[in-house]
Amino acid sequence: MNETTLGKKGLRAARSPVPPDADAAPVPQKRIKRALKEELSAYAFLAPYLILFSLFIVVPVCAAIGLSFTYFNTVERPRFIGLENYVNLLTQDSEFMMYVLPNTIKFALLVGPGGYILSFWLAWLLAQIPRRSRTVLALALYSPSMTAAVAMAVIWLTLFSGDSAGYLNALLLKIGLIDAPIQWTQSPHYLMPIMIVVTLWNSMGVGFLAMMAGILNINKEMYEAGYMDGIKNRLQEVWYITIPSMKPQMLFGAVMAVVGTFQAGEIGVQLSGTNPTPQYSGQLLINHIADYGFIRYDMGYASAISVVLLLVIYGFSKVAWRLFGDKD
């Protein structure tokens, strides 16, 4: 073998890739195992929530969607009828078109934006006062959302009682504005306004606390910079600095306001004591669902109404996302 042949072999060896070191081979494998272990740990922590969310949210929603295409009276097996429930809801259910849908729209437009604006306004006002007073007042405003059922029985039902012992009737009789007690919660003229007042009083929930936290966490230097750039009053300060700086909290409050508004439909039944409410004056979508599902036992039709309610809530939530969601 001559030097030329050795030189060619040496050149080929130099050009060939160097075999990996035996000690370095296990390193990627260790990294993969470590990453896999971290992923499994994360899913282990999420597992309780995922299981409960699936059992109490995903499964019931899927079951309601499935039952909405059936006739199910809780005694016989569900019988598939296609879109008949939805067609009957839009064309045959006169109570739904004449009372339930208009009442729901009116209630949602007044209570939803009204409660949302009221929550933001009160949160902004509390953010301007000292910490100790703010804590006491925030607790006082938040407590109705935790004690709604008790307050309903003790305060509001006593206040709007239909006899002369009711606080409002007693006051009006005493000053001579009325001659006989008014059946406040049984009258179709007064039930809806009372429902709106009670719901607004009860609307200072977690959305209110989130807004107040967002306002308190805004950097104070931004306000100083804003006044240097031309902001002249507190209204411009709120519009150009406060709201843009707390969009996540505003979004959370908007979603909670939408959900809370449509969940508050039971207030009409609790105040009047009947379902349907007197002359359907306070009948909302959630009351209509309970009427057909638990009084008439038409679960298929009630499921169709619940799907419509789900779509309505989803639509309002999408509007909230468009207004306050991250555009990036």
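Quick rundown of the values:
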{"quantity": "Pairs with Cβ under 9 Å, 6+ apart, first in region 88-109 and in contact (Cβ under 8 Å) with a residue 24 or more places away in the chain, second open to solvent by 60 Å² or more (accessible area, probe 1.4 Å)", "calculated": "Leu89/Met97; Phe96/Leu90; Tyr99/Gln279; Ala108/Phe316"}
{"quantity": "Residue in region 275-283 that is in contact (Cβ under 8 Å) with a residue 24 or more places away in the chain, of a type in the set (Ser, Thr, Tyr) and outside any loop (DSSP other than H, G, I, E, B) present", "calculated": "yes"}
{"quantity": "Conditions (1) out of contact with any Leu (no Cβ under 7 Å at 6 or more places or on another chain); (2) closer than 19 Å to Val198 by Cα; (3) open to solvent by 50 Å² or more (accessible area, probe 1.4 Å); (4) not small (Gly, Ala, Ser); number of the one not met by Phe120", "calculated": "(3)"}
{"quantity": "Selected residue (only one of Ala64, Ala42, Ala35 is of a type in the set (Gly, Ala, Ser), at pLDDT below 95, within 24 Å of the chain's Cα centre (by Cα) and open to solvent by less than 90 Å² (accessible area, probe 1.4 Å))", "calculated": "Ala64"}
{"quantity": "Single match in Pro113, Pro144 (criterion: assigned to a helix (DSSP H, G or I), modelled with pLDDT under 90, open to solvent by 60 Å² or more (accessible area, probe 1.4 Å) and of a type outside the set (Phe, Trp, Tyr))", "calculated": "Pro113"}
{"quantity": "Number of the exception - Asn169 against (1) more than 27 Å from Gly260 (Cβ to Cβ); (2) open to solvent by less than 60 Å² (accessible area, probe 1.4 Å); (3) part of a loop (DSSP other than H, G, I, E, B); (4) of a type in the set (S, T, N, Q)", "calculated": "(3)"}
{"quantity": "Tally, over region 253-307, of residues that are crowded, with 21+ Cβ neighbours inside 10 Å and among the polar types (S, T, N, Q)", "calculated": "7"}
{"quantity": "Candidate set from region 67-87 (those that are assigned to a helix (DSSP H, G or I) and touching a residue at least 40 places away in the same chain (Cβ under 8 Å)); member that is least open to solvent (accessible area, probe 1.4 Å)", "calculated": "Asn85"}
{"quantity": "Residue list for region 289-328, restricted to those being in contact with a Leu (Cβ under 9 Å, 6 or more places away or on another chain), modelled with pLDDT of 85 or more and not aromatic (Phe, Trp, Tyr)", "calculated": "Ile289, Met299, Gly300, Ala302, Ser303, Ala304, Ile305, Ser306, Val308, Leu309, Val312"}
{"quantity": "Residues satisfying the stated conditions in region 318-328, i.e. open to solvent by 20 Å² or more (accessible area, probe 1.4 Å), in contact (Cβ under 8 Å) with a residue 24 or more places away in the chain and assigned to a helix (DSSP H, G or I)", "calculated": "Trp321, Leu323, Phe324"}
{"quantity": "Qualifying residue in region 210-230 (condition: surrounded by 13 or more Cβ atoms within 10 Å (Cβ to Cβ), on the phi < 0 side of the Ramachandran plot, free of Cβ contacts under 8 Å to residues at least 12 places away in the same chain and of a type outside the set (Phe, Trp, Tyr))", "calculated": "no"}
{"quantity": "Looking only at region 181-207, and only at residues there that are open to solvent by less than 30 Å² (accessible area, probe 1.4 Å) and hydrophobic (A, V, I, L, M, F, W, C), the one that is nearest to Leu110 (Cα to Cα)", "calculated": "Ile196"}
{"quantity": "Answer residue from region 231-240, given it is within 30 Å of Pro144 (Cβ to Cβ) and without any contact (Cβ under 8 Å) to a residue 40 or more places away in the chain and is most open to solvent (accessible area, probe 1.4 Å) among those", "calculated": "Trp239"}
{"quantity": "When residues of region 123-137 are limited to those that are among the small types (Gly, Ala, Ser) and over 17 Å from Leu200 (Cβ atoms), the one surrounded by the most Cβ atoms within 10 Å (Cβ to Cβ)", "calculated": "Ala127"}
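The values are calculated or read from the model by the stated rules, or taken from the named source; none is laboratory data. Just so you know, these numbers come straight off a predicted model, no measurement behind them. So basically every Cβ, Gly included, is an ideal-geometry build from the backbone, and we count neighbours across all protein chains shown. Heads up: the accessible areas ignore ligands, DNA and RNA and are worked out on the full protein's heavy atoms, side chains in. Shrake-Rupley method; radii C 1.70, N 1.55, O 1.52, S 1.80 Å.
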